[in-house]
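Asker: Okay, here's the structure, questions in a sec.
The values are calculated or read from the model by the stated rules, or taken from the named source; none is laboratory data. Everything numeric here is computed off the predicted structure, so don't read it as measured data. Reconstructed Cβ throughout: ideal geometry from the backbone, glycine too, with neighbour counts over all protein chains shown. Protein only, heavy atoms only, side chains kept; ligands, DNA and RNA dropped before computing areas. Shrake-Rupley method; radii C 1.70, N 1.55, O 1.52, S 1.80 Å.
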Amino acid sequence: MDNSKTKFRLKFMFQQIDLNEGSFTIGRCNTCNLTVEDVLVSREHAVITIENETATIRDLNSRNGTFVNNIKIKTEKRLHSNDRIVIGKQNFLFLINNLNERTQKKTGAMIYCTNCTTPIAAGPKKCPHCGTDIPVKEKS
């Protein structure tokens, strides 16, 4: 897989975990790639496999099952961007970012007030810190 084109991620709680080519195991056991402390999660509960720019998930014969978009999976299932995965009481969001389709965001220019030297975003006519008039530059 060419990592510069597609990036797979698993959003869990307040973090996003990059998923690389190969297998990514989720379970209670500390040998899993992601260890989840939840009594409803089996020691080795599920595995996500990334291969040839495709992601799949498979339940590892867990007691409580693995759900994708509220449906209990019985066989290996292909994952799509924004699929919701539930393992035990834990919710995951699967994301696919195609890096070739990303657009750059404009961040805006910073300038400094000539009076108090406070950095401010370009655009205001007065410094929000000291009230000094900001000179307007003519476009050439």
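Asker: What whole-number value in Å² describes the accessible area per residue of the chain for a 1.4 Å probe?
Answerer: Value returned for the chain: 72 Å² of accessible area per residue.
Asker: Output the Kirkwood hydrodynamic radius of the chain, Cα pairs only, in Å rounded to one decimal.
Answerer: 18.3 Å is the Kirkwood radius here.
Asker: Then there's this: Can you give the FRET efficiency to the nearest 0.05 for Ile111 and Gln15, using r as the Cβ-Cβ distance and R₀ = 41 Å?
Answerer: Taking R0 as 41 Å, the efficiency between Ile111 and Gln15 is 0.70.
Asker: Now for a separate question. Cysteines without a disulfide-compatible partner in the chain, using Cβ under 4.7 Å as the rule?
Answerer: Cys29, Cys32
Asker: Let me ask you something else. Can you tally the lysine pairs in the chain where the Cα-Cα distance is under 17 Å and the two residues are eight or more apart, or on different chains?
Answerer: For the chain, the number of qualifying lysine pairs is 5.
Asker: What does the charge count around Val68 come to, taking other residues whose C-beta lies under 15 Å from its C-beta (Lys +1, Arg +1, Asp -1, Glu -1)?
Answerer: +4
Asker: Here's something else I'd like to know. Within the chain, what whole-number % of the accessible surface is contributed by carbon and sulfur, with the 1.4 Å probe and all protein chains included in the calculation?
Answerer: Exposed carbon and sulfur together represent 46 percent of the surface.
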